[in-house]
1. Which of the residues belonging to region B:136-167 are farther than 21 Å from B:Arg3 by Cβ and touching a residue at least 24 places away in the same chain (Cβ under 8 Å)?
2. Go through A:Ile76, A:Ile86, A:Ile117, A:Ile65 for me and flag whichever is of a type in the set (Val, Ile, Thr), over 30 Å from B:Arg99 (Cα atoms), modelled with pLDDT of 90 or more and surrounded by 21 or more Cβ atoms within 10 Å (Cβ to Cβ).
3. With respect to A:Ile202, is the statement that it is under 27 Å from A:Arg88 (Cβ atoms) and of a type outside the set (Phe, Trp, Tyr) true?
4. Just give me the residues in region B:168-196 being without any contact (Cβ under 8 Å) to a residue 24 or more places away in the chain and more than 18 Å from the chain's Cα centre (by Cα), in sequence order.
5. It is to be established whether one or more residues within region A:207-218 are under 27 Å from A:Ile74 (Cα atoms) and more than 14 Å from chain C (Cβ to nearest Cβ).
6. Taking the condition of being at pLDDT 95 or above, at the interface with another protein chain (Cβ under 7 Å from one of its Cβ atoms) and surrounded by fewer than 18 Cβ atoms within 10 Å (Cβ to Cβ), how many residues in region C:27-52 meet it?
7. What are the residues in region C:53-66 that are under 15 Å from the mean Cα position of the chain (by Cα) and either farther than 17 Å from C:Leu10 by Cα or facing chain A (nearest Cβ under 7 Å) (or both), if any?
8. Can we say B:Asp148 is more than 14 Å from chain A (Cβ to nearest Cβ) and farther than 30 Å from B:Asp214 by Cβ?
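The values are calculated or read from the model by the stated rules, or taken from the named source; none is laboratory data. This one's a predicted model, so the numbers in the text were calculated from it and none came from an experiment. Quick reminder, even Gly has a Cβ in these numbers, built from the backbone with ideal geometry, and neighbours come from all protein chains shown.
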Amino acid sequence: MAGPVHTQDSEDAVLFAPVLGTTRRFWLGATPLLAMTLWGMYAYTLQLRYGLGVTGLNRPVAWGIYIINFVFFIGISHAGTLISAILRLCKAEWRRPITRAAEAITVLVLFFGLGSIIMDLGRPDRLFYVLQYGRLQSPLLWDVTSITTYLTGSALYLYLPLIPDLALVRDRATGWRRTLYTFLALGWRGTTGQRRRLERGIAVMAVMVIPIAVSVHTVVSWVFSMTLQPMWKSTIFGPYFVTGAIFSGIAALIISMAAVRRAYHLENYLKPVHFNSLSLLLLAMSLLWFYFTFAEHLTAYYGGELAEAIVLFAKVAGRWAPAFWAMAVLNFVIPVAILANGRTRTVAGSVVASASVVVGMWLERYLIVVPTLANPRLPYERGFYAPSWVEVSITAGAVSFFVLLYMVFTKLFPIISIWEVREGREGLVEAQERMVSYLPGPVAPVTPVTPTGRR
Amino acid sequence: MARWGMVIDLDRCTGCQACVVACKAENNVPVVSPAQAQAGRLMLWMTVIPEVEGEFPRVRARFTPRPCMQCENPPCVKVCPVQAMMKSPEGIVSHVFARCIGCRFCVQACPYGVTYFNWQAPVWPADLREALNPDFSVRPTGVVEMCDFCHHRLQHAREMARVDEREVRGEGEYVPACVQACPAGALIFGDLEDSTTAASRLAHSPRAYRLLEDLGTAPKVYYLKEG
Amino acid sequence: MERAWKAIPLSVAAFALAFIGWMIRMLQLAWIRNDSWGFTVTVASVVIPVFLVYLWLALYVLWGIAREGREPGGEGQP
């Protein structure tokens, strides 16, 4: 971890390359994203100037794309937790090249979730009233609390395993980068004392961040289910939203992994086996999502309570039927068809399935928010919602900005955790001993196996 | 402690909407263009809902004035993150424009849809601007507003009563603008705790019902079924 | 650069303390106004321990790593 390891350097050179230098291709990719971001910011200034009237929001649909984006982005943030924390706790070796990318997604996208809800406020200048005059009976305050807790926790959980890598990059960087990494690396030298502290910190955070993440999306779902609106007042919302979040998070992770693999030539580190494992998780989440959706809609249909039945009909056979069935195809039919079959469960196949899931999960949030609001209990208030160009521009700008920030992250920090990959290489004997201990019989000493190195 | 409530006699309501106009005038409720109204941005604290059921000759038409229900268990107060929605000890649910951050959670929480949001800064045509009520605020953009039983009139009545060193009477001294304007006497307002008032008597009438009663919001606006 | 290494552990610790302070303020406001006391106590009893763990992380892990990094030689292998 520390000290000169030049022989390994040439092996892992491709992991250091993006941090130490920038190709022209990066700027070619970043420029349109920056342009779209600026366009989205311009659209937002219009909203600040003229009020929320520039959106398509109205009565009764007073919540629209911004709230949908809020739920969607917070959902994507569950990528990092599942992969990083749970796989670390399970000591799954295949997590090693994935954890950094996952944790980075989480921390970055949480800011966009927060940003979405701030954009939805009629008076963003009074934002700090929430802190000054907050009431914890309001689900929005639960949101503030849990998202702050999660953001802090996942930032720490990103930073801690980053420290040894920062030391590695510090020793190879020059100029302002060297100063930056020296500052961030906290003087890491890989001493036993430092390693002990770091490992304890990571272990504690891995355990703690899981219930925090579950609480975040549960609390987000309670913004809806604590009201009396038809088909919102559902006890299943907590687990339903958490499942959907993990589902969309894994999909986002697969897409980002495939992108960095392609852009930075990381085929040797992000192998088909990694995509295969994540694809199987995505498949499992797709089935679980289907189960929850089916249970939710069957319950609404069977009881036939009038207000709920109207919303259900509007979703399944009425105005929102195209979106509903598109969501079912995107979230269930396509992913299961691609991922259940070993022959189509390739890297490319998993990216197609993931893209389908990301779009489908956005549609799912849309179908939770809009049909209910457009069909309130008192029938004279029926309405309709079509987003305006301002909302679409801001959404496009937010997505572009997120991708841009992610790209900048890969430029500043190694997107694959170098020290963990090396730890994996060096720790093959321990890993094998551990696996032997799972089998019946006493644990016999294992003949050392040489690291397999590059294939 | 008084508990202010309203009884609306649907047998008497003619659907003339004098209450709607009076409310808009009294509370400086913003007007919007026809295009905005079509887009669902109309602002009517008090509104009259026409309902027509059935085919000729078995038609049933009903006009239902709908102010804020002023619930005893108001969902809007529960969900407000910044204490901008509050219920006074006398049961008046009102809104503090200076505190509102415009999150519109109260709009989503209310099952009756009585909360309205200022989608833009309100503008009035010149002649209406001269008719604005100086006793009540004009709201900025980005905040929510709703009927509060003309709470400013209660405060005024209380000041007047304090001069005579007594409390506001249960009925007659304090009436919201809609109640005052109704030409048919369909809106009856008063202290529901005071058994001598017409409002408290009619609230216990066998014709009395409340909207969405099974939700548990306990509204203080009672409707008298057509007899 | 001499003092700069303290910045990260101290900022994290300060943030954790600020959040705990805010939660205590929420408890105080809920008590005084007699408004949502139950909810505030429930939420506070969960998040204050979490942020105490963050505080521990800042002081034991981050501060400890930084301090050991400053010592010439240090414990164990360099």
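1. To start, the set of residues in region B:136-167 that are farther than 21 Å from B:Arg3 by Cβ comprises B:136-145, B:163-165.
Correct list: B:Phe136, B:Ser137, B:Val138, B:Arg139, B:Pro140, B:Gly142, B:Val143, B:Val144, B:Glu145.
2. Going through A:Ile76, A:Ile86, A:Ile117, A:Ile65 in turn, the sole match is A:Ile76.
3. So A:Ile202 passes the test.
4. B:Arg169, B:Ser195
5. Going through region A:207-218, the residues under 27 Å from A:Ile74 (Cα atoms) turn out to be A:207-218.
Still in the list and also more than 14 Å from chain C (Cβ to nearest Cβ): A:217.
The answer is yes; a qualifying residue exists.
6. Number of matching residues: 0.
7. Selection gives C:Val53, C:Tyr54, C:Leu57, C:Tyr60, C:Val61, C:Leu62, C:Gly64.
8. no
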